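Remarks on the structure that follows.
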Amino acid sequence: MEKILYLTHTQQDDTLSKAAREALNAAVDLSKGLAGSTLTVGLVGEDVQAAANAIAGCGAAAFFGVAGAEFAVSRYGSDAAAAEALAKAAGATLILAPATSRLSRALPGVAQRLQGRIDTHVTGILTEGGNLHIQRWYYRQRMMATLTRSHRPWLLLVDPAVFDPWQGQPGSVSVQAVAASLPEGGTRTHVVGVEGASTDAQTIRPDAKLLFVAGAGWTKKQADGQTHVKEAEALILGFLEKTQASLGSSKSLVDQSSEGQEVISFLSHLNQVGQTGATPRHPKGLATCCHGEEPHVVGWRFINERRAVNTDPNCGWARGKADVLYVADAFKVIAKVNELLAEG
């Protein structure tokens, strides 16, 4: 009989993030798929009661919490100690957690402390026949593997945007306080602030319905033999503001700043998608002025509907890598789209 522990941390406002609610939904489904299993919840934060009440209807048999000012911020020493204490209090054989930066840093060490095993970037959980299998991608999303383990405890870090967020009625639950023993120097790291990306506009929106990808063609010489980077910036920002799309970029475009070329000012490597960048998950995607090389296509694997605008009918997207290819000048297309959006 599996003892499943759903483990997560609260945000600064003592609530649970969307990624945390997605992992909770995965844990709830897993407990239903494994006969005889039990589900418990483990929370870490300055005050965990509000978060526990918000997910009271998830069907957990018990709620455990490690709370206090020293657990309010991301710190390996305190996070690892809290997760270890919660796992032992719950007697967990399976531990599911969202793959936030905070838990991704702490849980591998926790697996070692518990003499367990850990798998990261989990994108699928299967329980056919009463046996647990997980799925994850390797080699930059080129190969998908299905894995299982007999060793326990088994820790699973669930990638965001894979499962639907858990939705249920809030209530009132009793949270069992768990004491986490902090090692000497376990709180010597202090968070002094948060520094955002050095860009002039908010361009990264993980929950956006559309991903707009800009390729290096935006900064190249156009039909008149001149570059029009400032015009490109205005067109792209106008499109993002009107559609609230998220902005992605090819590696070749964000690398131009180190090559002495004029670049789009609000782009950074945080916008990069593809083999060496992020693998976004949005319902739709629109690529402009890029060639659709294989590394770039890899970054689009989880986009449900892929379209592209390129003046070259023989570009990579034309060979079946995009659902729709528009053979046209992206400057003219986006200018016209912005005009129509303004009218509507």
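Some values worked out for this structure:
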{"read-out": "Ranked packing of 226-234, 123-131, 306-314, most packed first, by mean Cβ within 10 Å", "value": "306-314, 226-234, 123-131"}
{"read-out": "Cα shape, the stretch 210-343, gyration tensor, a/c 1.5 rule", "value": "rounded"}
{"read-out": "Cα-based equivalent ellipsoid of the stretch 3-177: semi-axis lengths in Å, sorted from largest, via gyration tensor", "value": "23, 18, 16"}
{"read-out": "Long-range amide H partners of G274 with built H, under 5 Å", "value": "G299"}
{"read-out": "Sparsely packed trypsin sites (Lys or Arg not before Pro) within the stretch 81-178, loop by DSSP, other Cβ within 10 Å at most 16", "value": "R140, R142, R149"}
{"read-out": "Read-out volume of the Cα convex hull per residue in Å³, derived from the coordinates shown; its label in [x] 153; [y] 161; [z] 123", "value": "[y]"}
{"read-out": "Dipole in debye (nearest 20) - the chain, about Cα centre, beta carbon charges: Lys, Arg +1; Asp, Glu -1", "value": "940 debye"}
{"read-out": "The stretch 1-55, Cα convex hull volume normalised per residue, Å³", "value": "64 Å³"}
{"read-out": "Candidate lysines - alpha carbon under 25 Å from K221, same-chain residues fewer than 8 apart omitted", "value": "K230, K251, K332, K336"}
{"read-out": "At q = 0.12, 0.19, 0.21 Å⁻¹, base-10 log of I(q)/I(0) for the stretch 123-259 (Debye sum, equal scatterers on each alpha carbon)", "value": "-0.94, -1.22, -1.29"}
{"read-out": "Beta bridges per DSSP with both ends in the chain, % antiparallel, nearest 5", "value": "15 percent"}
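Each value in this text was obtained by applying a stated rule to the coordinates, not by laboratory testing. Note that the structure is predicted; figures quoted are calculated from it, not measured. Cβ: placed from backbone, ideal geometry, glycine included. Neighbour counts: every protein chain shown.
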